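**Q** Let me give you the structure first, and then I'll get to my questions.
The values are calculated or read from the model by the stated rules, or taken from the named source; none is laboratory data. Nothing here was measured: the structure is a model prediction, and the numbers come from that model. With ideal geometry, Cβ positions are generated from the backbone for all residues, glycine too; neighbour counts draw on all protein chains shown. Side chains included, ligands, DNA and RNA excluded: accessible areas come from the protein's heavy atoms. Shrake-Rupley method; radii C 1.70, N 1.55, O 1.52, S 1.80 Å.
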Amino acid sequence: MNQQVGEDRISGLPNDIIHQILSLLPIKGVARTSVLSKRWKSLWLTLPDLDFTRVESLTRDAEDGGPILASNTEADVLGIERLLLKRKKENSVLRLFKFRAALSFASLQRLIECAVALDVQKLDIDIKTSDYFTFPAAILLHKRLLSLRLKSQIYEINLPSAEAIQQSFQSLTVLSLTRVDFHDESSSLNIFTDHFFPSLKTLELELCYGITNLKVQLSNLRNLTVLYLDSLVKMGLNSKNLEKLSVKGSFSSTEYTQVLLSSPALKEIFWFYNCIVENWIIENLTNLQKVFLYYQDSEFKLKDFIAGISHCNWLIIFGPLNMMIPKCKPFNRLTTLAMQIHYGPTNASAEALTFLLRSSPTIQKLMIELCGTWSSEESWNWNLASVESCLNHLNILGVRGFTGAADDIDFVRFVLKNAIVLKT
């Protein structure tokens, strides 16, 4: 019986469309397409994005069209290097080079040099080396780089001089650094300004060493992420277009700490499990929409923080609470409030909830999580009468961890009675 072979319609598509299809496949699958025909081999060599983060060795040689994918061996790294050199012969431009492996610093230098020779626009490097190493020189020489993500799994990366940075990253829009050492170049602590990064829109700093005073004044910055900077003492943010701020596991636990936040375009704040900040100076957050506050220390000082975020629409607070009730502007735009109520020796959580409800005349959604063990020895003072008029717009109430304690029942009954538009 004769079998008819179906028409190959995919091969008839333009290169850019096939490249887009191939970008959806794992790199191993993409490499295998090179054996289909001469045209497909050419397509593999001109693929604009190379992602070697899902590593697995192949037996084919890169010279035959299929690279040996990165793994934990120098031989596999050489396979990728041969592939990049072959692309250079084909005058193939590289848009993204994404790579993760254990290798020597010399091998890393060679790979980056090969990628830079292909005019790579985005570099995403995640490596494990056997010792400390300097910032790859090839990156500093590439003036047209748009995105740089550089991560070391174990040892610190020594930061280049402030002068070298100023001359290198004028076009950079994304910068993500993990385990970079700022100790040896004190002038580099003030590099996050337009003079050094005039085009930067996204900045991520994780597990970086030696940063005690972080100043960020970047006109085009939209997103700032700070993770596990436990030496941080002061943070000053004055970026007029900053829209999202995420800070987690940061700040010194032994020194007087301070945050200055003045970013009128800021829309979201994520503040997760940081050490206590003694002094908050918050200005011009008139466009703030969402605030997520997660913390573990019951002594978290909220007075100035709460006063500075009164323009937000969403407020989520999780953690034990022991706060002074601040006298500040009401939360006239707050529509969603979620918080934990922690049973304990004081009424702090209940008082905080009372204050927030009393200060939020337009609240529509209230989510409460009850935590801890109820003690009948001391009654919780919900001060319900003071928040009665603030429930006129409430239409959603959620209570998690309900124990049936007397004050819990009184609170729920009060809300059900006075929330006249309550739906669920």
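**Q** Among (1) open to solvent by 10 Å² or more (accessible area, probe 1.4 Å); (2) assigned to a loop (DSSP other than H, G, I, E, B); (3) modelled with pLDDT of 85 or more; (4) hydrophobic (A, V, I, L, M, F, W, C), there is one condition residue 55 misses while meeting the rest; what is its number?
**A** Condition not satisfied by residue 55: (3).
**Q** Then there is this: All but one of (1) open to solvent by less than 20 Å² (accessible area, probe 1.4 Å); (2) at pLDDT below 85; (3) under 23 Å from residue 310 (Cβ atoms) hold for residue 380; which doesn't?
**A** (3)
**Q** Within the range 254-294, work out how many residues are of a type outside the set (Val, Ile, Thr), farther than 25 Å from residue 332 by Cα and not in a strand (DSSP E or B).
**A** Total meeting the criteria: 6.
**Q** Pull up the range 251-283, narrow it to residues that are closer than 14 Å to residue 239 by Cα and hydroxyl-bearing (Ser, Thr, Tyr), then point me to the one that is most open to solvent (accessible area, probe 1.4 Å).
**A** Top of the filtered list is 262.
**Q** Oh, and also: Could you check how many residues of the range 135-167 are more than 20 Å from residue 202 (Cα to Cα), among the polar types (S, T, N, Q) and either under 25 Å from the mean Cα position of the chain (by Cα) or open to solvent by less than 20 Å² (accessible area, probe 1.4 Å) (or both)?
**A** Residues flagged as more than 20 Å from residue 202 (Cα to Cα), among the polar types (S, T, N, Q) and either under 25 Å from the mean Cα position of the chain (by Cα) or open to solvent by less than 20 Å² (accessible area, probe 1.4 Å) (or both) within the range 135-167 amount to 2.
**Q** Sort out which residues of the range 249-297 are of a type in the set (Asp, Glu) and within 18 Å of the chain's Cα centre (by Cα), and write them in order of number.
**A** Within the range 249-297, 268 is the sole residue that qualifies.
**Q** Buried (at least 16 other Cβ atoms within 10 Å of the Cβ), among the aromatic types (Phe, Trp, Tyr) and over 18 Å from residue 316 (Cα atoms), is that true of residue 292?
**A** no
**Q** Looking for whichever is of a type outside the set (Phe, Trp, Tyr), at pLDDT 80 or above and in a strand (DSSP E or B) here; the options are 341, 317, 363, 420. Which one fits?
**A** Values: 341 fails: at pLDDT 80 or above; 363 fails: in a strand (DSSP E or B); 420 fails: in a strand (DSSP E or B).
Only one candidate passes the filter, namely 317.
**Q** Could you please find all residues in the range 128-157 being among the β-branched types (Val, Ile, Thr) and in contact with a Lys or Arg (Cβ under 7 Å, 6 or more places away or on another chain)?
**A** First, pick out the residues of the range 128-157 that are among the β-branched types (Val, Ile, Thr): 129, 134, 139, 154, 157.
154, 157, listed by residue number.
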